[in-house]
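Worksheet: one structure, shown below.
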Amino acid sequence: MVRVKSRYLLCEINVTDRNRLFLLTEKDIYLAVKEAVARIHGDYGTAMCSTRFCVKYLNAQTGMVFLRFPKMGYKLLWSALPFITSIGTRSQKTPCFLNCLHVGVRTCQKFLIHYNKQQLHRMLPSCKNEEDEKQVRKAILSCSVVQGAYEDEPDDGDEEA
């Protein structure tokens, strides 16, 4: 049996109004990436994006997102990320851009935990009260991959080597 290999990209969604992040869903990001790939790379990119691409994790409070791509085409799909200038939500488009922080096989979650610890130390001094501090801690420390993320096809339990 052949093992399907994937690459994971950890991206940060940068928006001017942080409240707009709460409007975004996994499906919105999925469709924005798929549209950018189709626009930049045509039918070939669309075909590469339709096999095994999914949004594995989205934290709307911190703007972090895990994207899973097939190994054979992740560079092609990764090259389309800078062309995303807005993500369509339910009622309107949110102007934003994706900043790729890490590309890995299995290390994206470890990198996210390390990155979030750094962000925690940066954000905590700017909290004005205990409630803000609790919300920041909750948002930063919720670094686990959510099951049931939006995908084209279900995860068969295949891991990369």
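I'd like to check something: does the range 50-66 contain any residue that is over 30 Å from residue 134 (Cβ atoms), more than 15 Å from the chain's Cα centre (by Cα) and not charged (D, E, K, R)? Looking through the range 50-66, at least one residue is over 30 Å from residue 134 (Cβ atoms), more than 15 Å from the chain's Cα centre (by Cα) and not charged (D, E, K, R).
Screening the candidates 47, 80, 32 for the property of being touching a helix residue (DSSP H, G or I) at 6+ places or on another chain (Cβ under 6 Å) and among the small types (Gly, Ala, Ser) yields one hit, 80. The set of residues from the range 89-115 being part of a strand (DSSP E or B) and surrounded by 14 or more Cβ atoms within 10 Å (Cβ to Cβ) comprises 94, 96, 97, 98, 101, 102, 103, 104.
Residue-level check: of (1) hydrophobic (A, V, I, L, M, F, W, C); (2) modelled with pLDDT under 75; (3) surrounded by fewer than 14 Cβ atoms within 10 Å (Cβ to Cβ), residue 124 misses just (2). Out of 52, 20, one residue alone is more than 17 Å from residue 97 (Cβ to Cβ), crowded, with 17+ Cβ neighbours inside 10 Å and of a type in the set (D, E, K, R). It is 52. Just for the range 59-80: of the residues that are in a helix (DSSP H, G or I) and among the basic types (Lys, Arg), which one is surrounded by the fewest Cβ atoms within 10 Å (Cβ to Cβ)? In this case the residue turns out to be 75. From the list 105, 37, 55, the one residue that fits, being at pLDDT 90 or above and touching a strand residue (DSSP E or B) at 6+ places or on another chain (Cβ under 7 Å), is 55. Within the range 18-34, being of a type in the set (D, E, K, R), at pLDDT below 90 and touching a strand residue (DSSP E or B) at 6+ places or on another chain (Cβ under 8 Å) holds for one residue alone: 20.
Inspect all residues belonging to the range 68-81 and state whether any of them is modelled with pLDDT of 85 or more and within 30 Å of residue 135 (Cα to Cα). Yes. Between 16, 107, the distinction of being among the β-branched types (Val, Ile, Thr) and in contact (Cβ under 8 Å) with a residue 60 or more places away in the chain belongs to 16 only. Residues in the range 1-48 that are of a type in the set (Lys, Arg) and closer than 20 Å to residue 76 by Cα: 5, 7, 34, 39. The residues of the range 1-58 that are in a loop (DSSP other than H, G, I, E, B) and of a type in the set (Phe, Trp, Tyr) amount to a single one, 53. Does residue 47 qualify as being more than 14 Å from the chain's Cα centre (by Cα), buried (at least 19 other Cβ atoms within 10 Å of the Cβ), over 24 Å from residue 107 (Cα atoms) and not aromatic (Phe, Trp, Tyr)? Judged against the criteria, residue 47 is not a match.
The values are calculated or read from the model by the stated rules, or taken from the named source; none is laboratory data. Fair warning: this is a prediction, and the values are worked out from it, not measured in the lab. With ideal geometry, Cβ positions are generated from the backbone for all residues, glycine too; neighbour counts draw on all protein chains shown.
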